[in-house]
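Reviewing the structure listed below.
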Amino acid sequence: MAEYINLDGQNQTTFTIPFTGDDENDGGTETPFPRPLHYEYDLPEGEKLRIDAYTAAWRKCLDRIKSIVRALHAPIASEVEHAIYTSYDRALPGLPYPEIPVIGITDPTSSSTFLDQIAVLTDSFDLEDTSNITAFTSHLYPNDCNNVMSAMKALISGFVNRPHILDKGKGRSGISLANYDIEILSAWYTAICNTYDLTEQRQPKLIVLLHDFEQLDPLVIQDIFSISSLYISRLPLIFTLALSSPASPSYLHSTYPRSTLALLRFSNYTVPSGAKVLEEILLQTFFDSSFEPDIIIGPGVLTYLADYYNRHNSSVDAALNILQLAHLKHFSGEALTLIVRSTPAPEALSQDTSLPFIEELLSRLQSFETSSNANDRNWTKQSISSLIAATDNARTDMYSRARRLRIGFGIVKLIQDFMTSQGYKGLDWDNPIKGIGNIDVMISALRGGLGSDVKFLGTMVKKLKTSQLGTLLDSMHAFFNSLPLVVRSSEEEARMNLVVAINALPPRGDDDVTGASSQIAANFADWLVKYLNGLLTPLENVPLWDIWYTGASLFPSSLINPSVRATVVAGLLHPHDFTDRKKDEARADPALWELPDTSILFHRYLDSGKMLNIYDWFMAFQQELETQRKNLKERASGAKSRQSSPRKRGGKGKTKEKENAESEEDLERWQLEVQARFVRALQDLDYLGFLKHTGRKADHVQRVVFDMHD
Amino acid sequence: MDASTLGYEELCDELSTLIANFPPPFIYINDTVCPRIAGSIVATLLDKIERTDPGPSKRVHFAKVNAVACFTARVLYDSILNALTKWDPDWNDGCANWSLEGDTQRYNENFDGFIHGLRAVSSYLREKVKGKGKGKERMKSEVDDVRFVIVVERAERLKETLSELLVPLTRLAELTQLDLSVILLSEVRWEDIRPPLGASPDPYFIDIPPLSKEVIVQRLTSNFTPSNDLSLGPYHPSLKGLYSHFAAVLCDVCYPFTHDPSEIEYIAAARWPGFAQPVLDQHQRSLADDMDLDAAEESQLRPPPEDIRMRLTRLFNASLSAALEELYPRLTNATDWAAKNKPEPNILSAQPSQAARGKDQPGKSSEAAALALPRMSKFILVAAFLASTNPAKSDIRMFGRGLDEKKRKRRARKTTKSGPTKVPQRLLGPVAFSLDRLLAILGALLEENDVESRLPAPEFSIPGEYTDMETSRVAVYSAVMELTSMRLVHRTTPGDKINGPPSFKCGISYDVALALAKQLSIPLNDLMWDPA
């Protein structure tokens, strides 16, 4: 079983995940779920319950994000599909020779998935119904394209290896065409058209999908293009390229010669990417009033996510990784999270083993009771069922709070969008100069920092013209109407207020002489500010809030993006932090002699000047090993029964040393061993890149790592 | 005169005479400008000779293959033999090659087999001819009356892919003892692909000179194929006069830059629909205006008068060179260009000075696209650009921030020095740099320009410590690899070499680096050793 993992540790940069289970049945063993820091009050089957809750919560979140991404891709996918099918109809009259249609898809992040989506959309040859325009696809991967022969072979076999559509006649391999000869494709295509009796318009297109186009050898692809160009009047080939480099400067134009480009008709499509995608995902997953995630991701994680996404890796996969890790951390950091979706049944809780769990739950609930409601304090007297009820209440309470927050955010965003559409600056969100994006606004909404913004919006609403106010009220009404029924019913009062305000407004076009409408606007704005402030309360003051909300807890960034050098140095300085060690000796700093050889050598390395004399280094190392030997001997004599520390490496042969005076031979052997261990450790450091061989000074190496403040 | 052979009459005459009489066994045709057109002309010519009745000369059979498509010897043999016999491999037959009936010999195994194949083809074709002319009692001297012509296009590729076949191919007539002529067609001169040691015989040379401007205009004009339907379109028969005028103007603009007729045709195809559009629009409008007249001859589109022609020329002259600039290097394709550069609806009635210059700035799109990179990748690209442009020994002076503030002393420019002027490194191309140097420059850039946008990290108290952590993070290394795979940074050391740091070269231009630096508010010119 895994030891506890403290994901919050700032100094700890790496965690070991010990291997459990044997080598034979890899598939059967399940990876253990990390155990929370405080698991004393865990339920016996707590781990399984948490895994289930985690799986369900993450699945819900993942499905939502996937559908959002699919929706984001859908328009461009259909555009590409259309471009593929019409590519031969678009040719201009009067061109000197037919060009090969080439469609580039610029997708800086997940090129293959999108291309596969395209492939699924377009590979549509239907045996039953040949009346539509159809297409065949063939995939080319970088591994296929080491030379022209293998690339052509892959391209052709991708099309012709479809025995269910058309079987190949028997023939002797020697006297028939080579399988990399494009004539084969031509013969196959003719046979297809004849067999299914396809007329000119319904002849299927042949789509070649080139994956990771930048990885393909340009010389090979040039030849493929020029061969295809010879056959373009017979074979309606269409090349689709997955480009991960930016659309400009275009990779195709900078890499391929003009003579090749002249054969192509290149058009480019760009899949949406960048900050807008993340914004859209977060907005629709965590700030959409029609969707309820099980776990509400707090500002701590969101801040890191936004930073990582913008700074290092703008791909949906990176965002998914971070969100999944945040889920995982949430469920593995707190034993009580097993109640996220549902509270265990009374039978399970009434067992003796569940007592610590109940006590913990109770004390958490009570800590809130004392602060908010002191009436009902005799929890212990009450039955388990009422505890369950209280937990369920807390859950409902939390979710409705979160829902209200989302509604509040939705209204603020609606008013802000309205202001922008009317030409006002509004709250000045999404201002790249100030470096504020919508994500920052989401984060500050969770932190409860939108108060001044709401106040400002109220002032702006007050100053709106009658017609503008009317439009705003209408769109707000539409917003409420678009909410799911359950949510809408809880906001009945707000809707009433809205309707009243709408009805009170003078009809459009009337000149406002009386100032009645400005009175209405002022009233409405006052109510709005109060209402929004009520909605946008932080989630941290609800009982058991930390079960459903990750709050301000930080993301374990070193799991995703550790600093390599810092980790290596930390590993050499504190090797025991990285291994599984007993809990009782957890905090005691081991003496230098207790460390592995490489670490000892590294410590001595840090004490040196710019140049290291190897001999001096060796002497210092030897000295330390003498101490080690002496101490081990003492320990062995002190507790004979106990095995000597297994963590020392290279210690073979020392444990059995006798206490009596060493013989000459033993001493010699020991000297040899020290030398061998020194050379071994030196090699390790050299391999890690800590040494620089300058050759300027005999027996000296240069030190390359300085300023270790650890 | 056939329109497609315009300008190539000499080639046609010479070649047809040769083939008809005593063709040299090895002919080398060199067209430095547009071998594609020469290839198609040779093919049509040979096809014509093959079809016509031989008369006193021999029956000619020809095969035309492309050396790029025939990248292995086997494909070359198959293509030549199948083409000579006009054999079409059938899918249902297992794509079998041509072979004599009952013969199981392989002709594509090696050159020896190929020679046997050629002989078999020769006797087969002879038999076929004999069978046809049985009744005529042919004379004995005409028994071997087949003559092969084998044309190899893009012959320069043979030197790379099938260099061992170059010599036997040029001596094919000698080796097969058949009446056979091999024509190599290439844009490269024979001297550049000739096998060493005089192993090949000297060919009969035919050099095709570049076409003159007048001939290109004639070719363009003759390519104007009037559309058959009577609907209004840019290829309406009445517009032929305007088209020849347009062709002349276009050639005036393009001829100094390219002599390739197909390139000029390409540009013409892109520009002509827009050029003719105002005339068609005007006609449409006049039709709509006098609907009531309803005279048949009135509705006919008539060739536009001279003044309209002049105005069109003046209006479109600027766009012709714009088309050349964009279409010749294929920055965009003709279809898209034509769609983007449609003329204004009533351009003819507008003042010439108001004519819109429909040129969009390419710089804009490059900035927008570069935005898609993550922030750290942008920093890495700028650092890579600096590392590739600045000499390594200048790094301390450019990026070092010592206690004494006499920093960034750029090399003094010596202008008085005579002799060849030194070309700035920026124009000489990138130099390779090691990963360590890249990371060091990256650290300097981050420390100066990125501190404000970072997440707060109170645990780093020493100046520069945070940057130090940042530059050694996994994501930085993976970003470098990612940029390498996008070919924005080129790796110059092999991937399997683990000894020592890998080295790279920058793959972006000065303009892109400048745009990136602007986004990151890095003063790029201040950091360059040899600024623009």
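Derivation of every value follows stated rules applied to the coordinates shown; laboratory data play no part. The shown structure was predicted, so the numbers you read here are calculated from the model rather than taken from an experiment. Using ideal geometry, Cβ is built from the backbone for each residue, glycine included, and neighbour counts are taken over all protein chains shown.
Fewest Cβ neighbours within 10 Å first, please rank B:235, A:605 accordingly.
Lowest count first: B:235, A:605.
Sequence-ordered 3J(HN,Hα) estimates for the range A:626-633 from the Karplus curve with 6.51, -1.76 and 1.60 and θ = phi - 60° stand at 4, 4, 4, 5, 5, 5, 5, 5 Hz, glycine and proline given as x. Placing dummy labels 7 Å off each Cα toward the beta-carbon, the span from residue B:461 to residue A:353 is 4.8 nm.
With R₀ fixed at 25 Å, the C-beta to C-beta distance from residue A:495 to residue A:530 puts the FRET efficiency at about 0.95. Applying a threshold of 27 Å to the alpha-carbon distances of A:205/B:159; A:633/A:692; A:60/A:413; B:422/B:497; A:465/A:530; A:153/B:128 flags A:205/B:159; A:633/A:692; B:422/B:497; A:153/B:128 as lying beyond it.
Label separation (residue A:592 vs residue A:519): 8.7 nm, computed from points 7 Å beyond Cα along the C-beta direction.
Annotation: amide H of residue B:183 within the under-5 Å range of B:27, B:150, B:151, B:152, sequence separation 5 or more or interchain, hydrogens built in the peptide plane.
Fully extended, how many nm does the chain gain between residue A:424 and residue A:360 (0.36 nm per residue separation, minus their Cα-Cα distance)?
Result: 17.8 nm gained on full extension.
Applying both filters, DSSP loop and at most 12 other Cβ atoms within 10 Å, to the trypsin sites (Lys or Arg not before Pro) of the range B:1-107 gives B:86. Less than 5 angstrom separates the built amide H of residue A:179 from none of the residues sequence-distant by 5 or more or on a different chain. Relative to the current alpha-carbon distance between residue B:397 and residue B:284, full extension at 0.36 nm per residue lengthens the span by 33.7 nm.
For an R0 of 22 angstrom, estimate the FRET efficiency from the Cβ-Cβ distance between residue B:104 and residue A:167 and round to the nearest 0.05.
0.35
What the phi angles of the range A:90-95 give under the Karplus curve with 6.51, -1.76 and 1.60, with θ = phi - 60°, is a coupling list of 8, 4, 6, x, x, 6 Hz, glycine and proline written as x.
Length gain on complete extension for the stretch residue B:111 to residue B:308, per 0.36 nm per residue less the alpha carbon to alpha carbon distance? It would help to have the intermediate numbers written out before the result.
Working: separation 197, 0.36 × 197 = 70.92 nm, distance 6.45 nm.
Computed gain between residue B:111 and residue B:308 is 64.5 nm.
Loop-located chymotrypsin sites (Phe, Trp or Tyr not before Pro) in the range B:18-95 (DSSP state other than H, G, I, E, B) with a sparse environment of at most 16 neighbouring Cβ atoms within 10 Å: B:87. Among the trypsin sites (Lys or Arg not before Pro) found in the range B:429-532, those both in a DSSP coil and sparsely packed, with 15 or fewer other Cβ atoms within 10 Å of their Cβ, are B:454, B:497.
Relative to one another, the C-alpha centroids of the range B:20-82 and the range A:663-690 are positioned 76 Å apart. Dipole magnitude for the range B:156-228: about 240 debye, using +1 per Lys or Arg Cβ and -1 per Asp or Glu Cβ, origin at the Cα centre.
Rounded to the nearest 0.05, what FRET efficiency do residue B:227 and residue A:121 give with R0 = 35 Å and r taken as the Cβ-Cβ distance? Could you check? Once rounded, the FRET efficiency stands at 0.50.
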